[in-house]
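Engineer: Take a look at this one; I'll ask things after.
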């Protein structure tokens with residue numbers, strides 16, 4: 001225990017954290033500007049007629065269009081301020097709150113990397129990343145710090161480790177290893193890619209990629225942690241993410257990972273980068289005072305009981321949340337109990353076709369819903385394969401049509417779901433009036449068992 | 001070095017053979033062939049026919065309103081039927097030249113139903129023939145149908161109407177012009193768009209296969225939701241069949257149109273050539289990917305069931321408006337068969353082929 005405390009509070013050079021701050025700020029600025037430029041603020045937050053919520057976060061509501069643009073505007077400002085280290089803690093907290101707000105608005109846009117950004121911005125609220133090469137230090141030179149306690153770096157490394165490691169662990173399944181699914185589906189679709197496209201027609205390439213992928217995810221942090229291997233490992237990080245970035249429509253995610261993984265690189269390299277940045281700044285006549293003085297680690301950031309319990313809590317939560325699926329019966333791929341927040345990245349090809357029926361309980365007349373009346377293509381696609389979203393949609397339909405039809409209504413569904421290219425099979429009990437069911441953390445009884453329809457061998 | 005390579009090769013071939021259902025080492029399908037076949041054998045010839053038939057319709061309408069007599073009316077009605085039927089051949093291609101921009105896509109501009117009778121009459125009265133707006137239910141084939149056909153086949157009432165009201169004649173001419181403009185634009189648009197369409201042979205959002213696929217599914221769903229469920233009173237809020245919501249309500253020509261529409265959808269899926277022989281379509285694509293064979297069999301089976309049901313329950317010599325009134329249970333059988341087929345197209349096929357469904361690429365994981 002004493003050793004652990006010593007390890008956590010050991011003073012280390014601040015350089016990796018400063019580089020991390022700069023890169024993370026830059027990537028988020030870029031990412032948010034891109035999001036805006038692609039017209040996604042409109043497409044994600046203004047166009048949709050209804051939004052799907054995370055269990056427990058139903059109260060998070062969308063703002064009027066101007067508000068949504070302001071939110072994104074402030075996100076860009078906050079990201080830039082983090083980059084330059086200006087009122088760093090204030091803007092880190094602001095970015096965390098705003099980003100998490102947009103994340104919670106519509107569950108159909110759940111992405112592991114959005115969740116990752118939520119977590120990292122949260123962690124950054126507590127880190128002294130503005131104690132060096134920051135406007136804050138330019139304004140208050142006495143706050144300068146060249147060393148920080150080890151836990152500040154370790155916490156970010158831990159988060160990356162969790163993401164990579166679990167992403168690898170969840171790939172240990174029959175479909176991925178033995179059938180090379182879903183890559184056997186996804187890769188041939190990419191056969192027109194520049195130069196290497198023709199390779200993806202070959203099935204062995206899907207196997208190769210599946211096995212290399214799992215090996216990469218499971219061991220990359222290991223290779224990144226040793227001086228001898230870390231530079232080569234980082235090259236493969238770049239290669240891996242660039243390749244997946246070209247192959248799949250995963251937007252900014254590869255850049256986020258390439259930027260964040262720099263934290264594993266050698267201190268000397270970070271110090272070099274900072275020195276180089278300082279030279280640039282001097283050219284702009286921005287001189288940082290007191291640079292030569294060595295400042296020791298301040299007490300404020302040293303390990304105390306408060307910090308140690310905070311870190312422990314965070315670490316335990318991060319380890320347990322991805323494996324909460326073990327508490328449920330049936331295949332997680334089928335039921336999705338515990339699927340989100342578990343680093344299950346690009347893991348399966350799942351799709352559904354969902355038709356909803358409205359039964360007027362007075363006249364007994366049944367009618368069919370046209371999903372396109374309410375949902376965007378993206379929302380419909382996501383809803384049709386996730387039980388909690390199917391349920392939310394059924395509740396929405398009841399509320400909506402109650403106003404038109406006036407009589408009491410029952411909402412039935414006919415949902416077929418396919419996993420990894422198997423012929424789709426019935427997903428939800430057709431006889432259940434979904435409008436009477438409630439979401440909870442318990443197993444959903446109206447989701448049919450996967451064993452009877454041979455969807456998943458995981 | 002060579003040894004290592006040999007071991008690697010053996011390992012790879014072992015992996016490639018284990019667990020896979022088919023014996024091929026390769027998933028080899030040239031989407032260019034599919035795109036080219038669909039363009040060359042379906043879209044271009046269908047567009048040419050639709051354009052020609054609409055030209056003939058325009059001439060017939062002009063001739064009729066010039067001299068409103070029974071003979072001319074019958075010619076115009078006939079030309080209308082042929083032209084609208086021909087337009088079913090391009091009803092699933094609302095992308096590329098089918099995207100008209102500001103006032104909506106091709107199909108909603110030329111084939112919106114039900115039409116707004118009162119609004120049409122008002123426009124005739126106002127002599128308003130500007131179709132650059134969102135009142136799509138006052139233009140298109142089905143507005144022209146309203147002017148040319150009497151529900152009770154009282155043709156005298158129709159040509160008398162044209163005789164007494166020159167504004168009516170002007171509106172009919174304007175409708176025919178508008179249709180001709182749209183179909184001509186689509187036809188010439190495709191002539192120049194075709195090379196791009198064939199060249200854009202990836203699978204991501206915005207690729208030709210993704211555009212084609214999305215409109216294919218949307219069009220199939222439109223048969224189910226709007227051509228059958230809507231008049232049958234199966235849309236939420238409806239309580240009983242509403243004959244007036246039938247496509248081609250006035251001419252009573254709906255069943256042929258539905259069949260032609262289904263024929264187009266299945267033709268795209270099979271890649272049926274203009275001479276009726278089999279060409280490269282989605283079925284061939286599916287047969288070339290892992291697990292596609294089972295889906296092709298199931299889809300073919302469902303297409304067979306749908307055909308049996310349509311032939312039995314939507315006979316050409318009966319009006320859909322009558323069928324939904326007198327034997328709604330039979331029409332509902334068609335609806336059920338349409339519903340049964342949807343998952344094969346909607347989730348199973350896109351999943352197996354790895355086609356992007358959404359129009360814009362996301363920040364996906």
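We did not get these values from a lab; they are worked out from the coordinates using the rules stated. Owing to the predicted nature of the structure, the values given are computational and were not obtained by experimental measurement. In this analysis, Cβ positions are derived from the backbone assuming ideal geometry, glycine residues included, and neighbour counts consider all displayed protein chains.
Engineer: Taking the 0 to 90 degree range and rounding to the nearest ten, how far is the long axis of helix A:305-320 tilted relative to the main principal axis of chain A, both from C-alpha atoms?
Structural biologist: Rounded to the nearest ten degrees, it is 40.
Engineer: Now for a separate question. Fewest to most neighbouring Cβ within 10 Å: what's the order for A:360, B:317?
Structural biologist: With the fewest neighbours first, A:360, B:317 line up as B:317, A:360.
Engineer: Testing the spin-label approximation: label points 7 Å from Cα along Cα→Cβ at residue A:403 and residue B:298. State their distance in nm.
Structural biologist: 3.8 nm
Engineer: If you line up the Cα atoms of region A:81-148 on their principal axes, what length do they span on each, largest first, in Å?
Structural biologist: Cα extents, longest axis first: 47, 19, 14 Å.
Engineer: I need B:53, B:259 ordered by Cβ neighbour count within 10 Å, fewest first.
Structural biologist: Working: B:53 21, B:259 17.
Ascending number of Cβ neighbours within 10 Å: B:259, B:53.
Engineer: Roughly what % of Cα-Cα distances in the protein assembly as shown sit above 40 Å, to the whole percent?
Structural biologist: Working: 155616 of 338253 pairs.
More than 40 Å apart: 46 percent of the Cα pairs in the protein assembly as shown.
Engineer: Ranked from highest to lowest mean number of other Cβ atoms within 10 Å per residue, what is the order of the peptides A:420-429, B:289-298? Before the final figure, lay out the partial values.
Structural biologist: On the way: A:420-429: 21.8, B:289-298: 19.1.
So the order, starting with the most tightly packed, is A:420-429, B:289-298.
Engineer: Same structure again: Got the relative contact order for chain A handy, in percent, Cα pairs under 8 Å and 6 or more residues apart?
Structural biologist: Result for chain A is 17 percent.
Engineer: Enumerate the whole-percent occupancy of each 20 Å bin, from 0 to the last occupied one, for all C-alpha pair distances of region A:2-324.
Structural biologist: Result returned by the calculation: 28, 57, 15, 0.
Engineer: Continuing with this model, one more query. Kindly identify region B:203-339 as rounded, prolate or oblate by the Cα gyration tensor criterion: order the square roots of the eigenvalues as a ≥ b ≥ c, call it rounded if a/c is under 1.5, otherwise compare a/b with b/c, prolate if a/b is larger, else oblate.
Structural biologist: Working: a/c = 2.11, a/b = 1.88, b/c = 1.12.
Verdict is prolate for region B:203-339.
Engineer: Quick check for you: which residues of region A:73-115 have the amide N under 17 Å from the point 7 Å beyond the Cα of residue A:42 toward its beta carbon?
Structural biologist: Of the residues in region A:73-115, A:73 have backbone N under 17 Å from the label point off residue A:42.
Engineer: Show me B:128-138, B:346-356, B:230-240 ranked by packing, highest mean number of other Cβ atoms within 10 Å first. Present the calculation step by step, with values, prior to reporting the outcome.
Structural biologist: Numbers: B:128-138: 15.7, B:346-356: 24.7, B:230-240: 18.9.
Going by the mean number of other Cβ atoms within 10 Å, highest first, we get B:346-356, B:230-240, B:128-138.
Engineer: Could you please state, rounded to a whole Å, how far the C-alpha centre of region A:20-83 is from the C-alpha centre of region A:228-271?
Structural biologist: If you average the Cα positions of each part, the centres end up 24 Å apart.
Engineer: Given just the C-alpha atoms of region B:256-302, how large is their convex hull per residue in cubic angstrom? Can you show the working numbers first?
Structural biologist: Numbers: hull volume 3.2 nm³, N = 47.
It is 68 Å³ per residue.
Engineer: Grab the DSSP H runs of chain B that are 4 residues or longer, score each as -39,500 (n - 2.57), total them, divide by all residues and round the 222 nm result to the nearest 500 deg cm²/dmol.
Structural biologist: Values: 16 runs with 218 residues, N = 365.
When only DSSP H runs of four or more count, the value is -19000 deg cm²/dmol.
Engineer: Let me ask something else. Roughly how many Å is it from the Cα centre of region A:390-420 to that of region B:44-80, as a whole number?
Structural biologist: 45 Å
Engineer: Here's another thing I want to ask about it. What distance in nm lies between label points placed 7 Å from Cα along the C-beta direction at residue A:316 and residue A:283?
Structural biologist: Result for the modelled spin labels: 5.1 nm.
Engineer: Shielding by partners for A:423-429, please: the mean number of other protein chain Cβ atoms within 10 Å of each residue's Cβ.
Structural biologist: Numbers: counts 9, 8, 1, 1, 0, 0, 0.
For this peptide, the per-residue mean of nearby foreign Cβ atoms is 3.
Engineer: Here is a follow-up. In peptide A:354-360, how many Cβ atoms from other protein chains are near each Cβ within 10 Å, on average? Before the final figure, lay out each step's value.
Structural biologist: Values: counts 3, 6, 1, 3, 4, 0, 3.
Whole-number average of other-chain Cβ neighbours for A:354-360 is 3.
Engineer: To the nearest 0.05, how large is the calculated FRET efficiency for residue A:328 and residue B:160 if R₀ is 51 Å and r is the Cβ-Cβ distance?
Structural biologist: Details: r = 73 Å, r/R0 = 1.43.
Given R0 = 51 Å and the Cβ-Cβ separation, E is 0.10.
Engineer: Now a separate question. Could you work out the mean projected area of the convex hull around the alpha carbons of region A:332-453, in square nanometres to one decimal? Working shown, then result.
Structural biologist: On the way: hull surface 31.6 nm².
That works out to 7.9 nm², a quarter of the Cα hull's surface.
Engineer: Right, something else. For a quick protection proxy, order the peptides B:187-194, A:76-83, A:439-446, B:39-46 by their average other-Cβ count within 10 Å, most packed first. Can you show the working numbers first?
Structural biologist: Numbers: B:187-194: 16.4, A:76-83: 21.9, A:439-446: 13.2, B:39-46: 20.2.
In decreasing order of mean packing, B:187-194, A:76-83, A:439-446, B:39-46 become A:76-83, B:39-46, B:187-194, A:439-446.
Engineer: Hey, with R₀ at 60 Å, roughly what FRET efficiency would residue B:167 and residue A:172 work out to, going by the Cβ-Cβ distance, to 0.05? Don't jump to the answer; show the numbers that get you there.
Structural biologist: Details: r = 75 Å, r/R0 = 1.25.
Computed FRET efficiency for residue B:167 and residue A:172 comes out at 0.20.
Engineer: Continuing with the same structure: Take every Cα pair under 8 Å in region B:28-353 that's 6+ residues apart, average their separations, divide by the length, and report that relative contact order as a whole percent.
Structural biologist: Numbers: 445 pairs, mean separation 71.1, N = 326.
The value is 22 percent.
Engineer: Also: Taking chain B, how much of its Cα-Cα pair set, in percent, is spaced more than 25 angstrom apart?
Structural biologist: On the way: 39038 of 66430 pairs.
In whole percent, the long-distance tail amounts to 59.
Engineer: Averaging over all projection directions, find the projected area of the Cα convex hull of region A:152-230 and quote it in nm² with one decimal place.
Structural biologist: Numbers: hull surface 26.1 nm².
Hull-based average projected area comes out at 6.5 nm².
Engineer: Given the options B:252, B:96, B:161, state which has the largest fluctuation in a GNM of chain B using a 10 Å cut-off (strictly under) for Cα springs.
Structural biologist: Fluctuation is largest for B:161.
Engineer: Compute the angle between helix B:44-66 and the longest alpha-carbon principal axis of chain B, please, reported from 0 to 90 degrees and rounded to the nearest 10.
Structural biologist: 0 degrees
Engineer: If you don't mind, another one. Could you list B:52, B:247, A:380 so that the one with the fewest beta carbons within 10 Å of its beta carbon is first and the one with the most is last? Before the final figure, lay out each step's value.
Structural biologist: On the way: B:52 15, B:247 27, A:380 20.
Listing B:52, B:247, A:380 from fewest to most nearby Cβ atoms yields B:52, A:380, B:247.
Engineer: Other chains near A:303-311: what is the mean number of their Cβ atoms within 10 Å of each residue's Cβ? Walk me through the numbers on the way to the answer.
Structural biologist: Values: counts 0, 0, 0, 0, 0, 0, 0, 0, 0.
For peptide A:303-311, the averaged partner shielding equals 0.
Engineer: Two decimals is fine: what's Rg over Rh for region A:1-43, C-alpha atoms, Kirkwood radius as Rh?
Structural biologist: Details: Rg = 18.3 Å, Rh = 13.2 Å.
With Rh from the inverse mean 1/r over Cα pairs, Rg/Rh is 1.38.
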